[in-house]
Amino acid sequence: MVYQPPVGAKDLFPLDVAQKRWIEERVQQVFHRWGYHRMITSTLERLDTLMAGGAVQRSTVIQLQDREEGELGLRPELTASIARAAATRMTGSSSPQRLYYNANVFRRAARGTFNRQQEFYQAGVELLGGGGVLADAEVLLLLADCIVSLGLQSWHLVLGEAGLTRSLLSAFPEDIRPQVREAIAHLDRLRLESLPLSPQLRERALLLLDLRGRPEDVIQQVSAMDLNDSQQQALSNLKSLVDLLQESFASPFETPPLLVLDLSLIQTFDYYTGIVFEVISGSGGERRVLGQGGRYDQLLGLYHPQRQTCPGIGFVLNIEELHQILLPTGQLPSQIPASDWLVVPTTPQAYAAAFAHARALQTKDSLLRVEMELGERSPDDVRKFAGDRRIKQIAWVRSAEDIVVETL
Amino acid sequence: MLTVALPKGSLLEDSIRTLKAVGLDFSAFLDPKNRQLEIWDTTHTAKALLVRNYDVPVYVEYGQAQLGIIGYDVLREKQPRVAHLVDLGFGRCRLSVAVKASSPYRSALDLPPHSRIASKFVNCAHEYFERLDLPVEIVPLYGSVELGPITGMSEAIVDLVATGKTLKENHLMEIEQLFESTARLIAHPLSYRLNQNGLKDVIEKIRHTVLAAAPQ
């Protein structure tokens with residue numbers, strides 16, 4: 001019998017891990033620099049916890065049945081878990097909370113796809129208890145810092161405002177609004193054109209579908225629309241945020257993003273309440289969504305016993321996508337680190353002395369990698385092995401007093 | 001750089017004509033001696049990929065092509081995550097249910113429960129009969145679906161009908177229409193949002209050409 005991994009599963013060998021950690025370490029350093037702390041939550045959640053926010057569909061969760069707990073699922077993302085855990089702790093001086101995670105998530109492959117990956121790695125942050133332009137800007141600048149720390153040369157930041165877009169959609173009659181929203185979310189112009197809408201509403205729907213481009217132009221276009229007070233307010237906040245971002249990107253950033261304001265960037269469900277954004281890889285090759293996020297000011301209330309909500313905003317970086325983009329740039333490690341020493345006992349009587357010597361080397365410099373020769377190889381085979389493994393120094397141990405160092 | 005995925009077969013000529021009207025000339029694909037699968041237009045501003053019908057939305061969904069031209073029938077069957085932008089008007093046909101002309105069936109609901117339905121469009125067929133609440137067995141075929149009822153393997157077929165000539169010649173009869181199909185211009189969603197290399201201009205030009213040509 002041959003034991004195969006389940007379809008869609010993937011094993012990471014040491015080089016894969018070295019490359020993955022290269023990415024994660026850089027991103028984590030940025031998280032630390034901005035004062036974020038790591039949180040670890042359960043891989044397994046109750047299905048209703050995962051689905052409470054409305055962004056997770058039952059069909060995409062890998063489910064488990066537990067006799068006492070009922071329906072459980074492997075987390076498809078971390079925000080629900082963090083919101084569940086943090087909702088009741090957001091009081092007084094403990095707010096705001098700056099949390100980050102670096103974890104695996106699981107998603108069931110869509111129908112009709114073969115061998116699509118089911119386990120993914122994500123690193124992300126949640127800023128809980130912070131509303132307003134300043135918190136929005138912090139999270140976007142932190143995101144930009146992550147991208148810059150990975151040395152990506154060109155990237156796009158697509159920014160929307162789900163609250164404003166949803167409000168602009170309220171002009172459509174309630175019975176047809178979900179269809180308009182779905183067509184806009186999926187960029188389905190033909191469906192929009194075929195919906196039974198008055199000429200004015202059709203024009204507005206088509207305007208919303210293509211309400212994107214240079215931030216100045218889009219803000220201009222929206223301000224020309226007939227807006228109510230709350231829409232004016234949302235637009236003015238968005239303008240402040242865009243100005244703040246452009247000013248911040250102007251000076252200290254080596255590679256600022258190409259900023260696209262896109263008010264058609266909306267989901268078909270009410271999860272995000274304010275800004276939403278996606279990071280998209282730049283020129284050349286396949287365009288990939290490297291990360292995404294947004295503001296969710298209603299989510300924490302869903303997990304609070306008294307339904308007390310508090311603002312939240314976060315993003316997630318998709319480690320596999322970053323890996324794919326970074327691989328051809330040559331920045332990722334191309335080899336696992338070589339050991340510095342190979343310690344070879346030349347006789348069985350020298351075993352204890354060899355271990356003692358290895359330990360002495362390891363103690364002298366904790367960063368040294370010292371490996372033991374295990375076999376009955378001839379000296380020439382040992383040298384060949386060390387050469388193949390890029391080991392620079394061999395210590396031939398005959399006894400505690402008789403150690404010969406050979407540099408290759 | 002702009003890349004367009006074009007379908008081999010019956011939609012190719014009209015697709016190339018449409019793109020030529022906006023200044024992108026890929027006529028080299030129409031040369032019977034052509035064996036290349038990827039060519040530049042004559043002005044060297046865009047590239048075209050020549051792929052099988054069903055593969056057009058795949059290249060566009062994954063972003064190797066920013067634009068593609070493909071029948072609505074394929075979009076309905078495969079449900080790719082692409083932006084649907086312009087109805088190009090050509091390649092008109094319909095997805096229909098057909099049975100042997102000699103059979104007693106004159107509507108889909110006449111079919112006995114648990115009938116076999118042969119089709120290349122298994123998802124469309126499945127969805128259609130599910131909505132009718134008629135349990136059927138869908139038999140996937142890859143071509144010459146008409147043989148299903150002729151050989152007696154299936155009671156009916158779900159297939160594309162353009163003129164109805166093939167059905168008639170095989171003594172089959174159309175009893176229901178699922179939907180009408182025409183060729184569509186589709187785009188890779190992320191590329192559409194980012195609008196690099198004048199993508200939007202090309203789309204707008206195509207839309208205007210099609211609107212200008214449409215019968216009033």
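Laboratory data are not the source of any read-out in this text; all were calculated from the coordinates shown. Quick caveat, the model's predicted, so the values are computed rather than measured. A quick note on method: Cβ atoms are made from the backbone with ideal geometry, for glycine too, and the neighbour counts reach across all protein chains shown.
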Taking R0 as 60 Å and r as the Cβ-Cβ distance between residue B:44 and residue A:203, the FRET efficiency 1/(1 + (r/R0)^6), rounded to the nearest 0.05, comes to 0.95
Once R0 is set to 35 Å, what does the formula 1/(1 + (r/R0)^6) return for the Cβ-Cβ distance between residue A:399 and residue A:18, expressed as a FRET efficiency to the nearest 0.05? 0.45
Longest principal axis of chain B (C-alpha) makes with the long axis of helix B:12-21 (C-alpha) an angle, in degrees to the nearest 10, of 30
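Please express the shape of segment B:68-132 as an equivalent ellipsoid: the semi-axes are the square roots of 5 times the eigenvalues of the C-alpha gyration tensor, given largest first in whole angstrom.
Working: eigenvalues 160, 41, 16 Å².
In descending order, the three semi-axes are 28, 14, 9 Å.
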Just going by the charge dipole of the protein assembly as shown, with Lys and Arg at +1 and Asp and Glu at -1 on Cβ, which of B:69, A:199, A:308 is farthest out on the positive end? B:69
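Using a 10 Å Cβ count of at most 11 others and DSSP loop calls, identify the longest part of chain A lacking such GluC sites (Glu not before Pro).
It works out to A:255-375.
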Could you list, in their original order, any pairs among A:239/B:205; A:10/A:392; B:120/B:168; A:20/B:78; B:47/B:200 whose Cα atoms are separated by more than 26 Å? A:239/B:205; A:10/A:392; A:20/B:78
Taking H as built 1.01 Å from N, whose amide H comes closer than 5 Å to the amide H of residue A:291, not counting residues under 5 places away? A:279, A:318
Give a residue-ordered list of calculated ³J(HN,Hα) values for segment A:66-76 (Karplus: 6.51 cos²θ - 1.76 cosθ + 1.60, θ = phi - 60°; whole Hz; x for Gly, Pro). 10, 4, 8, 7, x, 7, 10, x, 6, 4, x
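Can you pull the Kirkwood radius for the protein assembly as shown, inverse mean 1/r over Cα pairs, to one decimal in Å? Please report the intermediate quantities before stating the final value.
Details: mean 1/r = 0.0348 Å⁻¹.
Evaluated over the protein assembly as shown, this radius sits at 28.8 Å.
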Which of B:147, B:208, B:114, positive extreme of dipole for segment B:84-211 (C-beta unit charges): B:208
By how many degrees, 0 to 90 and rounded to 10, does the Cα axis of helix A:199-209 deviate from the longest principal axis of chain A? 20
Per residue of segment A:164-172, in order, report the coupling 6.51 cos²θ - 1.76 cosθ + 1.60 (Karplus, θ = phi - 60°) as ³J(HN,Hα) in whole Hz, putting x for Gly and Pro. 5, 4, 4, 5, 5, 6, 5, 5, 8
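Taking the Cβ-Cβ separation of residue A:244 and residue A:289 as r and a Förster radius of 30 Å, what is the calculated FRET efficiency to the nearest 0.05?
Details: r = 24 Å, r/R0 = 0.80.
So the FRET efficiency works out to roughly 0.80.
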More than 21 Å apart - percent of Cα-Cα pairs taken over segment B:101-216: 51
Computed over chain A: longest principal axis from alpha-carbon atoms vs helix A:351-364 long axis, angle to nearest 10 degrees, is 50
